[in-house]
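Here's the structure, in structure tokens; my notes come after.
The values are calculated or read from the model by the stated rules, or taken from the named source; none is laboratory data. Note that this is a predicted model, so its numbers are computed, not measured. Cβ atoms come from the backbone with ideal geometry, glycine included; neighbour counts cover every protein chain shown. The accessibility values were calculated without ligands, DNA or RNA, using every heavy atom of the protein model including side chains. Shrake-Rupley method; radii C 1.70, N 1.55, O 1.52, S 1.80 Å.
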Amino acid sequence: MHELSLADVPSRIGQELGKSEWITVDQTTIDLFADATHDHQFIHVHPERAAVESPFGGTIAHGFLTLSLLSAMNFSGMPRIREQTMGLNYGLDRVRFMSPVKTGSRVRGRFVLSECQFRGASMLVTTYEVTVEIENESRPALTANWITIIQFDPNDRRNLTPARASCLVYG
């Protein structure tokens, strides 16, 4: 995994910062997610019934399971911000479930930095245009704008020159 300096983040707006490793979405993972969320709809957890009654020819992952894999995808594919002390999910905008993820498929995330904003002395709010691809499929599983917060030591912000801190500033 490569690193990126806090000072370099603003210059990367509009660029793909990373793409994750492939993750296999198997029936065990789907069943565990169903148990955790109490969502046992047959299209997710009953392979025989789903093969006959669903238009997908078998079980599919929950859309929210695919969405929740973003954290793992981020970890495997995104550069580490050198000065980061903690990262937080802030929210998602425009989540769209585009195609079902059939059981046994592999998915990966692609992350394009679309915006960054310094907030206060020790936070950088970043927005990524995320696409979760399904291996060997033309349409993605989902797209979303993912907003995260990078927490860092305020002293690291003082080390940024005005030209290197060209994100929008608020708060």
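Quick rundown of the values:
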item: Close pairs from the stretch 31-54: first more than 16 Å from Thr66 (Cα to Cα), partner of a type outside the set (S, T, N, Q) and not in a helix (DSSP H, G or I), Cβ under 7 Å, at least 6 apart; result: Pro47/Gly58; Ala50/Phe56; Ala50/Gly58; Ala51/Gly57; Ala51/Gly58
item: Residue count, the stretch 53-96 (criterion: of a type in the set (Phe, Trp, Tyr) and within 14 Å of Gln41 (Cβ to Cβ)); result: 2
item: Any pair with Cβ under 9 angstrom, 6 or more apart, that starts in the stretch 107-129 at a residue that is without any contact (Cβ under 8 Å) to a residue 60 or more places away in the chain and aromatic (Phe, Trp, Tyr) and ends at one that is open to solvent by less than 30 Å² (accessible area, probe 1.4 Å) and part of a strand (DSSP E or B); result: Phe118/Leu124; Phe118/Val125
item: Residue list for the stretch 105-119, filter: closer than 30 Å to His46 by Cβ and open to solvent by 50 Å² or more (accessible area, probe 1.4 Å); result: Arg106
item: Residue check for Val101: touching a strand residue (DSSP E or B) at 6+ places or on another chain (Cβ under 9 Å), open to solvent by less than 50 Å² (accessible area, probe 1.4 Å) and over 29 Å from Thr59 (Cβ atoms); result: no
item: Test result for Ser20, over 30 Å from Ala121 (Cβ atoms) and open to solvent by less than 50 Å² (accessible area, probe 1.4 Å); result: yes
